[in-house]
Each structure stands twice: as C-alpha cells, then as structure tokens.
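Colleague: My questions all concern the structure below.
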Amino acid sequence: MSAPHLWTRPLPRRALLRGAAAGGLGLATAALIGSSARAQTPKRGGNFRVAMLGGGTSDTLDAHVTVVQTDLLRVMLLYNCLTSLDVDAKVVKVLADSIEPNATATEWTIRLRSGVKFHNGKPLTAEDVAFTFRRIADPKTPLNGARALQPLDLNAMKIMDGWTIRLAMQKPYAAFPEGIAVPVNFGIVPVGYDPKKPVGTGPFKFESFTPGQQSVFSRFDGYWESGMPYLDSVTVLDLADETAAFNALQGGQVDVFANAPLALANQVGTGGMVKALVARPGQWTPFTMRVDQPPFDNPDLRMALRLLVDRQQMIDLSLSGLGQVANDVFAPWDPCYDSTLKRERDLDRAKFLLKKAGQENLSLELVTSDFAAGVIQAAQVFAQQAKEAGVTVKVRQVTADVFYGDQYLKWPFAQDYWYYSPYLSQWAQGYLPGSPFNETHWDNPAYNKLYDEAQATVDAGKRCDILHAMQKIDFEQGGYIIPSYNQSVDLMTASVEGFQASATGYGLASSGYQKAWLA
C-alpha cells in the first residue's frame, strides 16, 4: 500500500527537517485545529461518525490484509500491535511491556503488558503472539507483514511463561521492533481468530459491517488504557464522493470527513462550525516504475523522468501547498534519513538522458485512481511537466476496484500511496523480492546485501552509515519518483476533541481513537 500501507530516536537532522516542514507552509496547524489545541477535560459518551471515501466491496476487517484507506481506519479501531508509531513517528511499545535482543540480535524476548484482554474477555497471552506471527508468516498463505517476519524461525518460538515469548531469528534482525511497528499489518489476534467475527484488544469492538457502506464499533469497556475510550461508539461511513461527504459534515450527519481534499483546508477558518486537522508531512504518493520492464529497466530513463519534475510546482498545484519537497527517497522521519540528497529540476539533463536511452520521443501511459488526496492532480501536473522534455504522458484514470484489482502491482507506470514507515520497515513492505507491495519489482543484489548488513548491525550509528548507502542507490537508480511528503487533512465539527497533528500520514488514527471525545 500500500499501504497502506508504511519511528525511533530523534537526531539533529530530524529536528531541522521538522522545522523546515513547519516553516515552509502557509497554514498553521495549531490555528487550524482550533479548540483541539486547548486542554480540556474529556467528556464520555456519544456516537462518533466518520465519513471516508474509497471504500468498496473488497473492504475487510482482517487485521493482516488491509489495502485501502477505509480498511486502515477500521483495523486501528479493533486491534493493537506489540509496537507502533506515535504522532511524532517514533517507535513506541504498545502491547509489549519490554522487547529486548541478545547481543547479536538473533534472539528477541518479548514481555507482554499485564492486564490486557481481548474483546471476548480472554486475557492476552504469549500464545496469542505466537499464533499471530504464524498466521501472518504462514508460507502457504503469507499476509501483508510476512516479509518483515521472514527472519523469524516460526518453529523455534519459545513460550517462557504466560506473558513472555522468546523469538529465535534465522539471521540477525537488529531493527525488529520497528519492523513490526506498522500498525495496520501486525495487530495481535487471539488463538483461533476468525476475521468474519473479528476480536482484538483495541479500544472498540465489532458490531456490524457492510463492505463499501458502513461499519459500526462499540466501546470496549475492558480496554487496557485506563478510563478510555471516551466515545460510546464509532460509525464509519463509506461515501461515494467528496461533495456528499462535505455536505454531510456541514449538515451534521457526520462528525469527521477523514482524508478530505486538501483544497478544503484553505476554506476553513478558526472559530467556526468546521475545523481542520492538518497532519505533518508523512504520507507519500509515489510514481511507480516497473524496473523489470522496458522502458523502465533503463536507469538513465528512470533518472530522466525524475529530473523533469518541478517538485514545488507539483505540491502547489496538486496538494494546495500542503506538502514538503521530497527527493525520491522514502522515510523522512527515520533518524538515519539522509537529508543531504537533493534533486533539482534539470530539463537539459533529462533530455540528454532520454536521448542516451534511445527514448527522445517517449510516450507513456500513467495509470492512476482517486485513492488519496491530490494523486489525480499530480498525474495531470506530471503530464504537463513531461511535455517540456518532449515526453508524452497519457493519464488513464480507473476506479479504485480496478486499480487494486488483478493488475495491482503489475502496472508498468502508475501511482500509489503509502503512510510513513521507518526506512528498513518500508523496505520490507515494498522493496524486497517477496515484499507484499513490491510495485516497482525492485531486486538489486547490491541493495539486498546492504539490507542484510543493516539488519545484522546492532550499533545504531554504523547501521545509519549502511542506510545512507542504500538511500544513495534509491536516489540514483530506484524505481520510485517521490516528489513530495504530503500532509493530510481531516475536517471535523467544532465539537470533536482529542486528536493531534501526526507525522505518520495516518491522520486521525495516529492520535488513537481511544482519546477522541465529543464536547
């Protein structure tokens, strides 16, 4: 996903990145969220109604097979992971009370938080963790998180006691806690889990679900975070278009229009009936090139396409300015992110590389769909910018059902969306042979070797050096064009409280629905 679908200690470069992101925007997040920025005493009760776009008949409640944005929201209501990301994109422990490696990171011991129960009243145990990992990584039916669990020896997991499990790795796995911190891939489920009758440890429990239409969840009174959740229930409504969703918000039929069109943020002031929560740059919507098929198997051609992009113009026109310039490398909040990698538009060099690749009169089809804010507009802007280098781009817009249908991950040239993940975790989701979302079909032997070296390196500083070498390969040869790190906008009525602006791209869900309340 891309996921959908998508951490760690701060370093000076990260602080600089955050400051640059805040300083470069025309909107002040604190002002936009209005009363949410004021400390108030949470109030209990109420049905929280969330409108979202992009749902369909393939919607799911399964903890481990999410694809579209509506899936992600539901999963984060129902389930918790051992580790996850907070609003600052740091890795934090959730159901794990401790998670410790041996000296070589070939063994990890996890001690679970005490007092956690599933929605059916069953206590969380180490056996449930083992069952969850076996379900995700089953070689016969691998699910979204399987690639990140590949080092785990499923047959050597050892239950130490009811709340402690020791995991043996087949090779060193230094970044294991961040590898399983993707909140939509690693929800812990009970032994015997049935996704048709979903049970998790999350703040809300399942009541009803009609794919592509509506899902209802009620407060779980046995939730492990004391006093939470505050809401009685959450209803998620899949609406057909942005006009219907915005009208429902203005008319009081819903409390939130999640992942709303970015242009609407500029129409929302402070002190009114509707306010906007603007996330920090975290979501990214890359152009994806299949490096195993011509013409994209030529690195000169891929570089030419990256060089013809005017990134700031694309942000201004497709994201209403709500984004930060990116340079074709993912994971901007990772403490090992190399902020020295910069790319300026260079049409002369782009034309030179096109000629070198034998593609002076290149014509391409770009496949896209309305699965995230700004992607259709970005495709159109890309087509216009490409003309200046002599490249003809035909934008083919399809429905989300078609885009994520049989051809998904097979399109030669397309777009997609991702939420933030740390670098190595993102790599496992979409850049390794066997990754569930390897949309570029990337398989670079030198890169794969560096990945194994990074996972075997316990020293964080030395691991950063390896990650910088990997990012240099992304920058020079990769299969992505990443023009920007995008901000998302959630529109809400003035009565909605408890949410914070997130750096992960997940928007509302990063704050945790257990903290939400209605004034």
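Every number here is computed from the coordinates shown, using simple stated rules; none is lab data. Not measured: the values here are computed from a predicted model. Because the Cβ atoms are built from the backbone with ideal geometry, glycine has one as well, and the counts that use them run over all protein chains shown.
Colleague: Would you calculate a helix-derived [θ] at 222 nm for the chain, using -39,500 (n - 2.57) for each DSSP H run of n ≥ 4 and dividing by the full residue count, to the nearest 500? Please report the intermediate quantities before stating the final value.
Modeller: Details: 15 runs with 136 residues, N = 519.
That calculation yields -7500 deg cm²/dmol at 222 nm.
Colleague: List, in the order given, every pair from Lys342/Lys472; Lys355/Lys394; Lys93/Lys205 whose Cα-Cα distance in the structure shown is over 18 Å.
Modeller: Details: Lys342/Lys472 11 Å; Lys355/Lys394 20 Å; Lys93/Lys205 22 Å.
Too far apart for the 18 Å limit: Lys355/Lys394; Lys93/Lys205.
Colleague: Can you give me the P(r) profile for segment 287-486? Cα pairs, bins 10 angstrom wide beginning at 0, each as a whole percent.
Modeller: 9, 36, 38, 16, 2
Colleague: Can you list the equivalent-ellipsoid semi-axes of the chain, largest first and in whole Å, using the square root of 5 times each Cα gyration tensor eigenvalue?
Modeller: Computed over the chain, the values are 34, 29, 21 Å.
Colleague: Also: If a cysteine in the chain has no other Cys Cβ under 4.7 Å from its own Cβ, put it on the list, ordered by number.
Modeller: So, Cys81.
Colleague: Restricting everything to alpha-carbon atoms, can you work out Rg to Rh for segment 330-397 with a Kirkwood hydrodynamic radius? Can you show the working numbers first?
Modeller: On the way: Rg = 15.1 Å, Rh = 14.2 Å.
That ratio is 1.06, to two decimals.
Colleague: I've got another one for you. For segment 71-140 and segment 451-475, what is the separation of their C-alpha centers, rounded to whole Å?
Modeller: Between the Cα centre of segment 71-140 and that of segment 451-475, the gap is 25 Å.
Colleague: Rounded to the nearest 20 Debye, what is the dipole magnitude of segment 83-179 about its Cα centre when Lys and Arg each give +1 and Asp and Glu each give -1 at the C-beta?
Modeller: Working: 13 positive and 11 negative charges, 49 e Å.
In debye, rounded to 20, segment 83-179 gives about 240.
Colleague: Here's something else I'd like to know. To make sure I understand the rule: partners must be aspartates and glutamates, Cα under 14 Å from the Cα of Lys351, and not fewer than 8 residues away in the same chain. Which ones qualify?
Modeller: Of all the aspartates and glutamates, those that pass the test against Lys351 - Cα under 14 Å, at least 8 places apart if same chain - are Asp300, Glu360, Glu388.
Colleague: If you don't mind, another one. Using DSSP to call loops (not H, G, I, E or B), can you name the trypsin sites (Lys or Arg not before Pro) in segment 298-386 whose Cβ has at most 14 other Cβ atoms within 10 angstrom? Kindly include the intermediate steps, with their values, before the conclusion.
Modeller: Numbers: sites: Arg302, Arg306, Arg311, Lys342, Arg343, Arg345, Arg349, Lys351, Lys355, Lys356; in loops: Lys342, Arg343, Arg345.
Qualifying residues, ordered by number: Lys342.
Colleague: Any idea what diffusion coefficient segment 83-179 gets from Stokes-Einstein, in µm²/s, Kirkwood Rh on alpha carbon pairs, 37 °C, 0.692 mPa s? Intermediate values should be presented prior to the final figure.
Modeller: Numbers: Rh = 14.0 Å.
Estimated diffusion coefficient is 234 µm²/s.
Colleague: Could I ask something else about it? For Leu95, Leu364, Leu491, what's the fewest-to-most ordering of other Cβ within 10 Å of each Cβ? Walk me through the numbers on the way to the answer.
Modeller: Working: Leu95 22, Leu364 19, Leu491 27.
Ordered by Cβ neighbours within 10 Å, fewest first: Leu364, Leu95, Leu491.
Colleague: So for segment 382-519, averaging the separation of alpha carbon pairs under 8 Å that are six or more residues apart and normalising by length, what relative contact order in percent results?
Modeller: Working: 101 pairs, mean separation 20.4, N = 138.
Normalised by residue count, the contact order of segment 382-519 is 15 percent.
Colleague: Give me a comma-separated list of calculated 3J(HN,Hα) values for segment 41-48, in order, Karplus coefficients 6.51, -1.76, 1.60 applied at θ = phi - 60°, integers in Hz, x for any Gly or Pro.
Modeller: Karplus-based 3J(HN,Hα) across segment 41-48 equals 7, x, 10, 8, x, x, 9, 8 Hz.
Colleague: Now for a separate question. Can you compute the equivalent ellipsoid semi-axes for segment 97-150, i.e. the square root of 5 times each eigenvalue of the Cα gyration tensor, sorted largest first and rounded to whole Å?
Modeller: Numbers: eigenvalues 93, 75, 10 Å².
The three semi-axes for segment 97-150 are 22, 19, 7 Å.
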